[in-house]
Structures are given as C-alpha cells and as structure tokens.
Amino acid sequence: MSENAKNQLFEILKNLGYLEECADFQTTLLSPPPNSQHSTVVTVVFLDGRTVKGTGKGQRKVDAELIAAQTAIDSLRNTYPDLLVNWDEIYVEAQAGDALIKLGIYLSASLKTASEKSQELQTLESDQHLAKVFEQWKAKGDPDLAIWGSSLGGKKKATLVESLLWRRYGKQIMTDDAPLQLQSLLKTLQ
C-alpha cells in the first residue's frame, strides 16, 4: 500500500468498488501567504449509509489533504474495520467456495452424466454468472454485500459470491473431522 495517506484512502475505496470521487475533499484557505494555512475536510459516504470524515490543517493544501485523509483512515480503522477488506483472505475463502460448487454439482443426483455435470459446472462457476448472482443478491438487500460500491469488477463480484458461499455453507458441509479426512486423502496422492 502507498505511504501517501490520500493514495491509501483511494486504495481502500478502490478495494470496495468505489471511485476516488467518493472521497470529497473540501479545502479552505484560512490565512494567505506568506504564512498560509489550509484546512481540509474529507467526507466519504458509503452505499450502506455509513459516513467517514477526516480533517487536517497545513501550510500547503496538499499537506492539509494528507492529514485529513489520514484522520479519515484512522476513523475507518476504529469505527468500521470491516471496510478495510483483506482480499487475500477473500480469495482463500473463494477457492473453498468454488470447491463447494464443484462438490454440489458432482454429487447432484439430478445430473446423471459426466457431460451434464461438466456443462452445469461451466455455467454456474463462470465469473459472468457469479457476477449476476452478486447483483441479484445485492438488489435483494443482502447485508453482506451492502458495503460494496458500484465500480466493482465482474471478477471481484464472482470472487465475493464464492467467498460468501464458503462462509454460509462451509461449516454446514464440513464435519468436525473433515479436515483430518481430507488430509488423509491428500496423503494417499503423494
């Protein structure tokens, strides 16, 4: 992540699918040169209604903006830590969710042939289909999708759906001894 607080704030927004314009920087000149003093307020309003503000003062406008961005980031960390998403964790959960999709299809009694199972898998597992599922869930008010902005790409939408499948169904499907059994299975392949 960038060392510049304003860029860090923009990266946080981008990770959530928001444009940089969502961070509204308003700067006022408090005193003119040669001893200039600027005051900046940055406001970010998220789609789920949460708002984060940061303020900063500095001799230059850019200094005031950097301080304001840092106070906004600090506010995010303290007030809404869930908005500081970790995509590495989401990708790991998505891989597990993808495995659940595969299991669901391959264990399906309604699909009889390998060809039918493969065709269904290609349909349900595609990023395009999963991105549509994301949009459907979001339109229905799914609380796990409320924080995400409208500029999130299709691949990330699909990844989030797979991650949510793992979070919602993983514990129901995976018995207490499943990890041990799966490790045993993997050892047989070595």
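Mind telling me which of Ala158, Ala94, Ala178 comes out most flexible in a GNM of the chain, alpha-carbon contacts under 10 Å?
Among Ala158, Ala94, Ala178, the largest mean-square fluctuation in the Gaussian network model of the chain belongs to Ala178.
Give the long-range amide H neighbours of Gly17: residues separated by 5 or more places, or on another chain, with amide H under 5 Å away, using H modelled in the peptide plane at 1.01 Å from N.
Those lying under 5 Å, H to H, from Gly17 are Gly149.
Provide the packing ranking of 30-38, 142-150, 51-59, i.e. peptides ordered by the mean count of other C-beta atoms within 10 Å per residue, highest first. Could the numbers behind the result be given before it?
Numbers: 30-38: 11.4, 142-150: 14.8, 51-59: 17.0.
Ranked by mean Cβ neighbours within 10 Å, highest first: 51-59, 142-150, 30-38.
Can you give me the P(r) profile for the stretch 43-190? Cα pairs, bins 5 angstrom wide beginning at 0, each as a whole percent.
2, 8, 12, 15, 15, 14, 10, 8, 6, 4, 3, 2, 1, 0, 0
Which percent of the accessible area of the stretch 112-190 is formed by carbon and sulfur heavy atoms (probe 1.4 angstrom)?
Roughly 54 percent, rounded to a whole number.
For the stretch 133-190, what are Rg and Dmax over the alpha carbons, in angstrom?
My reading of the Cα-based Rg and Dmax gives 16.1, 46 Å.
Put +1 on the Cβ of every Lys and Arg and -1 on every Asp and Glu Cβ in the stretch 33-99; which of Gln37, Ala69, Val52 then has its Cα farthest towards the positive end of the dipole?
It is Gln37, whose Cα lies furthest towards the positive end.
What Rg and what Dmax come out for the stretch 2-116 when only alpha-carbon atoms are used, in angstroms?
When restricted to Cα atoms, the stretch 2-116 yields Rg and Dmax of 22.0, 80 Å.
Quick one: 3J(HN,Hα) in Hz for the stretch 139-155, Karplus 6.51/-1.76/1.60 with θ = phi - 60°, rounded, Gly and Pro as x.
Once θ is set to phi - 60°, the couplings for the stretch 139-155 become 5, 7, x, 4, x, 6, 10, 5, 7, 7, x, 7, 9, 6, x, x, 5 Hz.
May I ask you to give the solvent-accessible area per residue for the chain, in square angstrom, as obtained with a 1.4 angstrom probe?
Working: 11690 Å² over 190 residues.
It amounts to 62 Å² per residue over the chain.
Label points 7 Å out from Cα along the Cβ direction at Leu185 and Asn7: separation in nm?
So the label points at Leu185 and Asn7 sit 4.4 nm apart.
Accessible area of Arg60, 1.4 Å probe, to the nearest 10 Å²?
Rounded to the nearest 10, the figure is 140 Å².
In whole percent, and with a 1.4 Å probe on the protein chains, what portion of the accessible area of the stretch 1-56 is carbon and sulfur?
Working: 1580 of 3140 Å².
So the carbon and sulfur contribution to the accessible surface is 51 percent.
Placing +1 on the Cβ of each Lys and Arg and -1 on the Cβ of each Asp and Glu in the chain, which of Gln181, Leu121, Leu19 has its Cα farthest towards the positive end of the resulting dipole?
Leu19
Explain nothing, just compute: Karplus ³J(HN,Hα) = 6.51 cos²θ - 1.76 cosθ + 1.60, θ = phi - 60°, for every residue of the stretch 171-188 in order, whole Hz, x for Gly and Pro.
Using θ = phi - 60°, the values come out as 5, 6, 8, 8, 6, 4, 9, 4, x, 5, 5, 5, 4, 4, 4, 5, 5, 5 Hz.
The values are calculated or read from the model by the stated rules, or taken from the named source; none is laboratory data. Note that the coordinates shown come from a computational prediction; the quantities given were computed from them, not determined experimentally. Neighbour counts run over all protein chains shown; Cβ positions are idealised from the backbone, glycine included. Side chains included, ligands, DNA and RNA excluded: accessible areas come from the protein's heavy atoms. Shrake-Rupley method; radii C 1.70, N 1.55, O 1.52, S 1.80 Å.
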